[in-house]
Amino acid sequence: MKLIFTLLILSSYAVLADDDSSSSKKPGVVPVNNALYAEECSACHFAYQPGLMPARSWQEIMVNLADHFDENAELEAADQKILTDYLTKNAAEFSNYKRSVKIMRSLPKDKTPLRIIEIPYMVSKHDELTTDMVAKNPKVKSLSYCDKCHTKAITGSYSEDDIVVPGYGNWEEYERSSSFLGRIKHGAKELYKDVVGSDDEK
């Protein structure tokens, strides 16, 4: 009976690890690998990986740079074409990285989100966060600032292991201390690591 219980815990955590733990061998999305994009976009905000949205969303954003979320982000025509091509060719639907795949599975085909935080998958992944943690937190302000909490976001890793919410500390420790489910989840993770072992997400 004890063996069966252990196997159930391990199988449950295997699913969890695939999505939220750094036990995966590669990051959730392909890291940014275009120097022009990194330079132009990170000048104003975090350089979101192309795999975080579908091509249709990137296309819509890139044709409206004159009014880019109330800012003028216009580029030279040649640069705009280079970046549009980069974003659309490396968008979520063309990636086999786990978060890109889940983003596309969650998104209705007739929807073209212009904000990553509007994507159903993203909404569900942040549903445990409170207003105090985000909107009322002067060090975060909005879910749009991925790198404020995801300490390895620049590498394409959005693992729960690496989340540190300013003012609240490590997410897993906070979750474990604040909820019964969090304690169960942590226990399952530790058991999984003890039995199977883990590799850091690269």
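Just so you know, all these numbers are worked out from the coordinates, no wet-lab data involved. Keep in mind the model is a prediction, meaning the values are calculated, not measured. Here the Cβ positions follow ideal geometry from the backbone for every residue, glycine too, while neighbour counts run over all protein chains shown.
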Region 56-81, residues that are small (G, A, S) and either on the phi > 0 side of the Ramachandran plot or in contact (Cβ under 8 Å) with a residue 12 or more places away in the chain (or both)
S57, A73
Please enumerate the residues belonging to region 107-153 that are surrounded by 15 or more Cβ atoms within 10 Å (Cβ to Cβ) and more than 27 Å from A38 (Cα to Cα).
L129, M133
Residues in region 99-149 that are among the β-branched types (V, I, T) and in a helix (DSSP H, G or I): how many?
5
Would you point out which residue out of S42, S95 is closer than 15 Å to G28 by Cα and among the small types (G, A, S)?
S95
Being touching a strand residue (DSSP E or B) at 6+ places or on another chain (Cβ under 7 Å), more than 23 Å from C41 (Cα to Cα) and of a type outside the set (A, V, I, L, M): is that true of N137 here?
no
Within region 107-131, count every residue that is over 14 Å from the mean Cα position of the chain (by Cα) and not acidic (D, E).
10
